[in-house]
Amino acid sequence: MSQFSATDFDAKAYFNNRPSYPDSLYDLIDQYHRGSRKLAVDVGCGPGVATFQLAARLNSFDKIIGTDVSNTMVERARSRKNDNSGKYTQVSFEVSSAESFSFLSTSQIDNKSLDMITAVECAHWFDFDKFQRAAAANLRKGGTFAIWGYSDAFFPEYPKIDSLIMELTYDEEHGFGKYWDQPGHTILRSMYRDLHLDSNLFTDVQVGYFMEDEIRSKEHVKNEPVPFFMSKFITLGQYQEFLKTWSGYHTWRHLHPNAEKDITDEFIDRILEVYPELSRSSTVQVCWRSFYKFARAL
Ligand SMILES: C[S@@+](CC[C@H](N)C(=O)[O-])C[C@H]1O[C@@H](n2cnc3c(N)ncnc32)[C@H](O)[C@@H]1O
């Protein structure tokens, strides 16, 4: 579980300020997937960031169900679907924990009926062993299990911000270090390297990790230098709004209702000290370390 499930979590701000995923990633999934495309489930879907992209960019599944343990997130996802009436007709949403597929019909549940299960930027919050067993019980033989996400951000053209981001994210005194739900956040930091897929349940595992050293070494950082390139051009002010979607920030704010200055304001001020040529309205490129794990159900 995580702070995202709190009823006062701002799911709309989450949808507006979180990054989405690049076409190149959906191309990878498209190429990896084999066989029928009747039903996909996107667990931990939040406000539907990846669910709607799966519908738009894979454009081949008859039905896609997004599920999330948080009613607030599912409500947000449903209202986005309603705002786009006539679009995304194949998409629906259910409140459900990722470790259960009880929202499926009785003939489908635990009966290897799904063609694909995705878990995007969320599997670190799950009981992972329970989740992979439930996924294997519900995926058809050869069905795709696709997990992906992103962790620490960096600004390719402003390397002095790296250490400020690390301090904000992990420092126990001056950052969010002690405000993260654990072990989830530590699992995310290691980009799921310690979440192992059971070889009795899955085969043909493919993994990718994309780090700042590799991305910065490419000449054309702006043009998708790696297959799963998480990047956005945003103002520093918008980056600050992104920071406010962090579960660690949600906890910090609850514990410091009377703080003189918001912790994210302090962080932006420090960036402006290091790079005085920037302002809150300057547009900068931000990238994220990213990773994926794909596998097929046995
Ligand atoms: C960081 S958000 C990711 C949302 C979305 N997949 C995306 O790519 O932006 C993590 C989501 O996982 C959900 N979550 C956490 N634990 C869960 C669980 N055990 N079962 C289902 N959803 C869960 C949270 O409610 C939250 O919406």
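Taken together, the values in this text are just the output of simple stated rules run on the coordinates, not laboratory data. These figures come from a predicted structure and were not determined experimentally. Cβ placement follows ideal geometry from the backbone for every residue including glycine, while neighbour counts extend to all protein chains displayed.
So here's what we get for this one:
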item	result
Qualifying residue in the range 229-237 (condition: more than 23 Å from the chain's Cα centre (by Cα), within 30 Å of Asp115 (Cα to Cα) and either away from the ligand (no atom under 16 Å from the Cβ) or in contact (Cβ under 8 Å) with a residue 24 or more places away in the chain (or both))	no
Subset of the range 176-204 (residues that are free of Cβ contacts under 8 Å to residues at least 12 places away in the same chain and either under 22 Å from Glu266 (Cβ atoms) or in contact with a Leu (Cβ under 7 Å, 6 or more places away or on another chain) (or both))	Gly177, Lys178
Pairs where the first residue, in the range 48-65, is of a type in the set (Ser, Thr, Tyr) and the second is buried (at least 21 other Cβ atoms within 10 Å of the Cβ), C-beta under 8 Å, 6+ apart	Thr51/Asp42; Thr51/Cys45; Thr51/Ile64; Thr51/Gly66; Thr51/Ala77; Thr51/Val91; Thr51/Phe93
Extreme residue, nearest to the ligand (Cβ to nearest atom), among residues of the range 141-155 that are surrounded by fewer than 18 Cβ atoms within 10 Å (Cβ to Cβ) and not small (Gly, Ala, Ser)	Asp152
Residue list for the range 29-52, restricted to those being more than 8 Å from the ligand (Cβ to nearest atom) and either surrounded by 19 or more Cβ atoms within 10 Å (Cβ to Cβ) or closer than 15 Å to Ser92 by Cβ (or both)	Ile29, His33, Lys38, Leu39, Ala40, Val41, Phe52
Residue satisfying all of: in the range 54-75; within 9 Å of the ligand (Cβ to nearest atom) and part of a helix (DSSP H, G or I); surrounded by the most Cβ atoms within 10 Å (Cβ to Cβ) among these	Met73
Residue match in the range 81-100 (condition: within 11 Å of the ligand (Cβ to nearest atom), assigned to a loop (DSSP other than H, G, I, E, B) and not hydroxyl-bearing (Ser, Thr, Tyr))	yes
Residue in the range 104-117 that is within 14 Å of the ligand (Cβ to nearest atom), part of a loop (DSSP other than H, G, I, E, B) and surrounded by fewer than 24 Cβ atoms within 10 Å (Cβ to Cβ) present	no
Criterion violated by Asp152 - all others in (1) farther than 24 Å from Ala297 by Cα; (2) part of a loop (DSSP other than H, G, I, E, B); (3) among the acidic types (Asp, Glu) satisfied	(2)
Options Thr67, Thr72, Thr106: the member that is in contact with a Cys (Cβ under 7 Å, 6 or more places away or on another chain) and not aromatic (Phe, Trp, Tyr)	Thr67
Residues being under 16 Å from Thr144 (Cβ atoms) and β-branched (Val, Ile, Thr) - total across the range 40-89	5
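Per-residue answers, yes or no, for (1) out of contact with any strand residue (DSSP E or B) (no Cβ under 8 Å at 6 or more places or on another chain); (2) more than 23 Å from Gln31 (Cβ to Cβ); (3) basic (Lys, Arg):
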residue: Val91; (1), (2), (3): no, no, no
residue: Ala98; (1), (2), (3): no, yes, no
residue: Ser105; (1), (2), (3): yes, yes, no
residue: Ile109; (1), (2), (3): yes, yes, no
residue: Arg133; (1), (2), (3): yes, yes, yes
residue: Ala146; (1), (2), (3): no, no, no
residue: Ala153; (1), (2), (3): no, yes, no
residue: Tyr158; (1), (2), (3): no, yes, no
residue: Asp162; (1), (2), (3): no, yes, no
